[in-house]
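Notes for the one structure printed next.
FYI, it's all coordinate maths here, none of it is from the lab. Keep in mind that this is a model prediction, so the values were computed, not measured. Cβ placement follows ideal geometry from the backbone for every residue including glycine, while neighbour counts extend to all protein chains displayed.
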């Protein structure tokens, strides 16, 4: 018991000193300094979300970032996976993030609330960015990230390039109808990122109507009745897998529909400039379908 330790015992004093030193080392440096303002440029940034990873890699100075989420190096999910290999990975746990002494942690509004709460309790600044699906949300996300990292000019330049590239994409004429189907026959509605990509590429989403803004399970028979011009099947990399949830993607009725597999890659993952790769691919596919219709 602490009350039984005599101050004259040198070994006890050494033990106390060691314990105190260990506790002090465990306290993040962020908790020992005054609160940082948004006007400051952080120099120890940790991102714990795949989509904040992507924007941080695109907008931050390389030396500003100390850690990214472990998803950042997955080629199937991250467009900047090679660049991300230069950084330490984290799994979104408070204990592994706090010892990095970050002055800014980037998270999503869907990130683990317990982790966020613990980090803030330790005095660490955490900024949560809402997921971007619509164009206005994506633009706001880029602007916010530029401000948080201290590079608003870079964010403005990124937006200008984004707008110019989007305007230059040649879309098919209005009228083509499409659906994006994922595991368990889930159809992506117009408010999802997938739905936004469809619209930006010039397609009308057949997964629409009351209660379907964010999508829902779509019976394959109904899809056949709708007769869309294109059905994009599968998740990232278009894999069908062997699980029961994936079995529907190999449903026999899909043989009677214009199905494309393997189209969805890492550029479909986040509301960021790389999503224009997906828009461009879909628009090109739409023009090809349009041309085939004219020759029939």
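Sorting 171, 291 by the number of Cβ atoms found within 10 Å of their own Cβ, with the fewest placed first, yields 291, 171. A simple packing score, the average count of other Cβ atoms within 10 Å per residue, orders the peptides 83-95, 268-280, 131-143, 158-170 as 268-280, 131-143, 83-95, 158-170, with the highest score first. Temperature 4 °C, viscosity 1.567 mPa s: under these conditions the Stokes-Einstein estimate for region 40-130, based on its Kirkwood radius over C-alpha pairs, is 102 µm² per second. Computed over region 40-130, relative contact order equals 30 percent, with contacts defined as Cα pairs under 8 Å that lie 6+ residues apart.
Exposure proxy shown here: for 267, 47, the number of other Cβ atoms within 10 Å sets the order, fewest to most, as 267, 47. Ranked for footprinting exposure by Cβ neighbours inside 10 Å, fewest first, 110, 81 give 110, 81. Stretching the chain fully between residue 157 and residue 288 yields a gain of 43.9 nm (0.36 nm per residue, less the alpha carbon separation).
Centroid-to-centroid, using Cα positions, region 276-296 and region 155-217 are 14 Å apart.
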